[in-house]
Structures are given as structure tokens and as C-alpha cells.
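The values are calculated or read from the model by the stated rules, or taken from the named source; none is laboratory data. Because the structure is predicted, anything quoted here is derived from the model rather than measured. Cβ atoms come from the backbone with ideal geometry, glycine included; neighbour counts cover every protein chain shown.
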Amino acid sequence: MATLTPTLTLVSTDLSDDELNFSVTDSLTVTAPHIATARTSVTTTGANNIIQPATDGQTYYVYVKHTGLDAGGSAVSTTLGIELTGDVVIGKLAAGEFMFMPVGGHSLGVQLQSSGGTIVAEYAYFTKG
Amino acid sequence: MATTTATVSITSADLMPGMPLAINASSQLMQTGTTTGLELMDMGAGKLTEASAADALHEALGTADTANWVYICNTSTNDEQYIKVGIHDTIIGNLGAGEWLWMPWNMGTADNEINIEAETSGSVTYEYAIFKSTYTLPAKT
């Protein structure tokens, strides 16, 4: 068992008259297996880019970032699809964007899919202990 | 134009022996394919009960491929209380006590609402924020 500390901060000085300055953190107990962290070149076929194994009653904490680069190191503006295995779309990341969320309650994994060409994604997952 | 910055830090001192983990990422919340920031935000807090089943945290936006972001936190301190989070009929995962998520939400179809459901008895408290590209006020009844 290990301790994982994720912190999210949201800041804006001009979204409204009142400044947004918000932070939330947690202390998570995690265990094997985990990947922290890795990069992969994502193609347009989600089934070929599975980054988290299918859940089997456990919860995985999953982090994904769109690096804004393709496999050759060139900048890209294509979007990175976040999907459950079986091509169930959850959402899309533009270049530079990231997400962190728990995945579980079903028997599916997580896969990534580029909207065109390749996208280098940074990812990590941790098994809830 | 609003500038909102989201930053995440994920650290661990004992996940890998002799190699502390430190993941850091930051991005500005932009409207799809532009350099214009998201200007609409809903924030709030509430309580869920198991009896209420799944509730829509926000109705579907119905606009294809827009950039929207969702933050949800299970603010309960009871380790037995968790919140099931889904997009329409797709279960994404379970938020345990104190856990939070930050995820994109850009589903285009009209029935892809964000929903949450308490999975234990008693009241489960939560807080949320949704950053949106667009929103059309519902028609009067």
C-alpha cells in the first residue's frame, strides 16, 4: 500500500467579479498494479491504445494528458478521445489538457483514440487500495 | 474573455521505493479550437440519498464537441459512502469519501447528461463545478 496525494487547483481572476481561487486535495490509499507515469503514441483505433486494464470490482484512479505532440514530435491540434473499452466515449482532450478521475463500477478498461494521426499521451493509473 | 487555469498535482513519497512520484500539469480552459476562455460556470453543493437514485447534475448540452469541464467531489467523511458518476447510461466510476474528479465533458447528443447517485444509506454530501462553452436557457413552461 502507498499514499497518493492528488490536488486540483482552479484559478481565475476574471471569470466573475469574485476571484476564483479554489483547491481540493485528498489522500488516497493505492496498491499494485499501477503505472506512473508513461507516454504512448495514440492512434485512431482506440482498441489499440488500451492504457488501463478492465476493472474487476476494483477502482482505478486514471490520469491522462494530451501532450500536444505527435509521434514525430511535431505540434498537433487534433483531439484525444478518452473512452471505455468498446469505444464508449467519455470525453475529449485538446492539446495540453488533462483529466483525473476514478474508473470502476463496471468491467471495462480505458482506451485512448486520436481524432487524426498520432498523439503522444501521458498517462498514469493507480489501483485503489 | 475569461482566463481560468486548472492545475493538477499528483504526488506520492512511497509508491516506488527511492523514487518519489510528482506529476504536475496545468492548462487553461478554452472554448473548442479557440484561444477564447470558457466564460460560463456553475458551482454548487448538495446532498444525495440512495432513495433518490441517479440525479442529473447537469442536463445534456446537446451541442456537439464543445469543450466543457466537470469537477465533482464527494465531501462525505464516511468511508462507506460513495457516489456513482455517469454520463447518461454509461457508468464512469465511483467517488469515495473525500475523492474528486476533473474530466472533460463534450458529449454532443441531447441525452448525455452528467448524473450522480448515492450508493449507501444516509445523506452523501457533494460539491461540483461545471465550466461550459455555451448554454441555452430552457424555454418557459
With facing chain B (nearest Cβ under 8 Å) and of a type in the set (D, E) as the only criterion, which of A:D14, A:D87 stands out?
A:D14
List pairs: first in the range A:1-23 and of a type in the set (D, E, K, R), second crowded, with 18+ Cβ neighbours inside 10 Å and in a strand (DSSP E or B), Cβ under 8 Å, 6+ apart or cross-chain?
A:E19/A:S12
Do you know which residues across the range A:84-93 are closer than 23 Å to B:S9 by Cα and either at pLDDT 95 or above or touching a helix residue (DSSP H, G or I) at 6+ places or on another chain (Cβ under 8 Å) (or both)?
A:L93
Among the residues of the range B:82-105 satisfying the criterion of being among the small types (G, A, S) and in a strand (DSSP E or B), which is nearest to A:K128 (Cα to Cα)?
B:G93
Go over the candidates B:D42, B:D79, B:D65 one by one and state the one that is under 27 Å from B:T125 (Cα atoms) and either under 18 Å from the mean Cα position of the chain (by Cα) or not acidic (D, E) (or both).
B:D42
Identify all residues within the range B:103-135 that are within 22 Å of B:A45 (Cα to Cα), without any contact (Cβ under 8 Å) to a residue 60 or more places away in the chain and of a type outside the set (A, V, I, L, M, F, W, C); write none if there are none.
B:P104, B:N112, B:E113
Kindly check whether there is at least one residue in the range A:67-84 that is among the acidic types (D, E), over 22 Å from A:T7 (Cβ atoms), crowded, with 20+ Cβ neighbours inside 10 Å and in contact (Cβ under 8 Å) with a residue 12 or more places away in the chain.
yes
Please return the ranges of strands (runs of 3 or more DSSP E) entirely within the range B:39-80 where 1 or more residues are facing chain A (nearest Cβ under 9 Å), closer than 18 Å to A:D26 by Cα and at pLDDT 90 or above.
B:69-74
Please state which one of A:I35, A:I50, A:I90 is surrounded by 19 or more Cβ atoms within 10 Å (Cβ to Cβ) and either touching a Gly at 6+ places or on another chain (Cβ under 7 Å) or over 22 Å from B:A2 (Cβ atoms) (or both).
A:I90
